[in-house]
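J.: The structure's right below; bear with me while I get my questions together.
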Amino acid sequence: MIKHSKKCDNVKYAVRDILSVAGEAKKKGLPLHYLNIGDPLKFDHSTPQHMIEAVHKAMLEGQNGYCASSGTDEAVEAVKREAKRLNIQNVQDVFITSGASEAIELCLTALLDPGDNVLTPFPGYPLYTAVQAKLDAPENPYYLDEANDWMPDPDDIRKKINSRTKAIVLINPNNPTGSVCSKEMLMEIAKIAEEKDLLVLCDEIYDKILYDDAKHISLASLNPDLPVITFNGVSKSYIAPGFRIGWGIASGNKQKLSGFLDALNKLLRARLCACTPVMASVKAALEGPQDHLTALMKKMTPRRDMTYKMLNDIEGISCVKPKGAFYAFPKLDVKDDADFVKSLIMETGVIVVPGSGFGQKPGTQHLRIVFLPDEATLKDSYMKLAEFMNKWRRK
């Protein structure tokens, strides 16, 4: 038998791991409602045509070979101009990657030795903890405050910093809660990072999907000397997750970043480059027509509103109103969210993800809902969830 690496034992990704349960429900003949994966293209959303045309044109023009490890000049310069629009100053490097996920993994790999840690938000995107497990870096979560619209808790962040802490991760807007950080909160996190000499890894992939009067501010724009890596890409706001194009913007004090960026660029060179012709989508996305965002939010706002109202109408469920992205993270009055979700899928075909897959305060139970589907699908799903919850509570 070929022995596997023990580094893989603790690698988990709840969003897709739940599909094995969905497969069992499908065998039973249940119609399935997929409220688990944040891929807009699985529903009634589509990639802007001008981005598709830009990639097609690049391919026809022969841009199908390797490019520089950091990306094509056109894509890199487009991201630099985006950084300027976001008021991110003191930019030291820009690199294009195979989705923001690769940017995140490369940065964590360049940063962490075995035993080091980064402060990661719970709830938060499970890729961070999966990569840390692979790198023999123990989890060091800080908890978001559900009673304060899922904002980070600065006191908790301070308490969790130890001698092996290398960075603070911020996901803003947050996946899975849909929270959006205030300027005051961002300044507090930046202050902590500066005091403790920590890198900040800012995941801003949902920065243009905002509801009501929510405003997104890049943390890197608040302190030009603070070492920050800002992640983004075309997957979410530009409805092109399959393009697998993301990027990182390294900003802050050059001297403090130099060793880290040297290591990062070694890793970038070792994997050659991201997909060259698809990099043509970057300039098209960032500097082309933006009207798809108006159309997207016209669909998503009533879906967000329906989600918030119908979930809070269910006895035993409460939900903070999302201000960004397309996720809700309702709290459940149950003992085990994983057990609840598995039974929900097997009985109703409504596929959601247990909150334990994203991290949560001990003793609390949640689930993550993706409200990308059309309103009819969402309404049917929430009605089934309500009926199932009523039965569960009567047990």
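J.: So what's the convex hull volume per residue for the Cα atoms of region 160-268, in Å³?
T.: Expressed per residue, the convex hull around the Cα atoms of region 160-268 is 120 Å³.
J.: Can you give the charge dipole size of the chain about its Cα centre, rounded to the nearest 20 debye, using +1 on the beta carbon of Lys and Arg and -1 on the beta carbon of Asp and Glu?
T.: 780 debye
J.: Compute the FRET efficiency between E77 and K384 as 1/(1 + (r/R0)^6), taking r as their Cβ-Cβ distance and R0 = 35 Å, and round to the nearest 0.05.
T.: Plugging the Cβ-Cβ distance into 1/(1 + (r/R0)^6) gives 0.10.
J.: Treating only the Cβ atoms of Lys and Arg (+1) and Asp and Glu (-1) as charged, compute the dipole magnitude of region 178-302 about its Cα centre; round to the nearest 20 debye.
T.: I would put it at about 560 debye.
J.: If you don't mind, there's one more thing I want to ask. Quote the relative contact order of region 49-287 in percent (integer), defining contacts as alpha-carbon pairs under 8 Å separated by 6+ residues.
T.: Numbers: 466 pairs, mean separation 77.1, N = 239.
Answer for region 49-287 is 32 percent.
J.: Just grab the label-to-label distance for L41 and M306, each label 7 Å out from Cα along the Cβ direction, in nm (one decimal).
T.: Going by the 7 Å Cα→Cβ label model, 2.4 nm.
J.: Along the positive direction of the dipole of the chain (beta-carbon charges: Lys, Arg +1; Asp, Glu -1; about the Cα centre), which of P227, Q255, L127 reaches farthest?
T.: The residue sitting farthest along the positive end of the dipole is L127.
J.: Nearest 0.05, what FRET efficiency do D136 and S20 give at R0 = 25 Å with Cβ-Cβ as r?
T.: In this case the efficiency is close to 0.40.
J.: Between C275, T377, P173, whose Cα lies farthest towards the positive end of the dipole of the chain when Lys and Arg beta carbons carry +1 and Asp and Glu beta carbons carry -1, centred on the Cα centre?
T.: Towards the positive end, the residue furthest out is T377.
J.: Which of rounded, prolate or oblate describes the chain when judged by the alpha-carbon gyration tensor and an a/c cut-off of 1.5?
T.: In terms of gyration-tensor shape, prolate.
J.: Assign one of three labels to region 220-360, namely rounded, prolate or oblate, based on the Cα gyration tensor with a ≥ b ≥ c the square roots of its eigenvalues; rounded applies when a/c is under 1.5, prolate when it is not and a/b is larger than b/c, and oblate otherwise.
T.: Values: a/c = 2.12, a/b = 1.74, b/c = 1.22.
Prolate is the answer for region 220-360, as a/c is 1.5 or above and a/b outweighs b/c.
J.: Let me ask something else about it. Could you calculate the contour length gain from D291 to E184, that is, 0.36 nm times the residue separation minus the distance between their Cα atoms, to one decimal place in nm? Intermediate values should be presented prior to the final figure.
T.: On the way: separation 107, 0.36 × 107 = 38.52 nm, distance 3.04 nm.
My answer for the length gained is 35.5 nm.
J.: Tabulate in residue order the Karplus-calculated ³J(HN,Hα) for region 159-168, using 6.51 cos²θ - 1.76 cosθ + 1.60 with θ = phi - 60°, rounded to whole Hz; enter x for Gly and Pro.
T.: 5, 8, 6, 9, 5, 9, 6, 10, 7, 10
J.: Amide H neighbours of L144 under 5 Å, at least 5 residues apart or on other chains, H built in the peptide plane: list them.
T.: F122
J.: Return the long-range amide H neighbours of I171 (sequence gap of 5 or more, or a different chain), with a cut-off of under 5 Å between placed amide H atoms.
T.: D203
J.: Could you calculate the contour length gain from K266 to K335, that is, 0.36 nm times the residue separation minus the distance between their Cα atoms, to one decimal place in nm?
T.: Length gained between K266 and K335: 20.2 nm.
J.: What is the magnitude of the charge dipole of region 78-126 about its Cα centre, with +1 placed on the Cβ of each Lys and Arg, -1 on the Cβ of each Asp and Glu, and no other charges, expressed in debye to the nearest 20? Don't skip to the end; give the middle numbers.
T.: Working: 4 positive and 6 negative charges, 91 e Å.
Roughly 440 debye for region 78-126.
J.: Tell me the net charge near M346. Cut-off is 14 Å between Cβ atoms, M346 excluded, with +1 for each Lys or Arg and -1 for each Asp or Glu.
T.: Computed value for this residue: +3.
J.: Hey, can you grab everything whose amide H is under 5 Å from the amide H of T165? Only 5+ residues off in sequence or another chain; H modelled, so Pro and N-termini drop out.
T.: N117
Bear in mind that the values in this text are calculations on the coordinates, not laboratory data. All values reported here derive from a predicted model rather than from experimental measurement. So basically every Cβ, Gly included, is an ideal-geometry build from the backbone, and we count neighbours across all protein chains shown.
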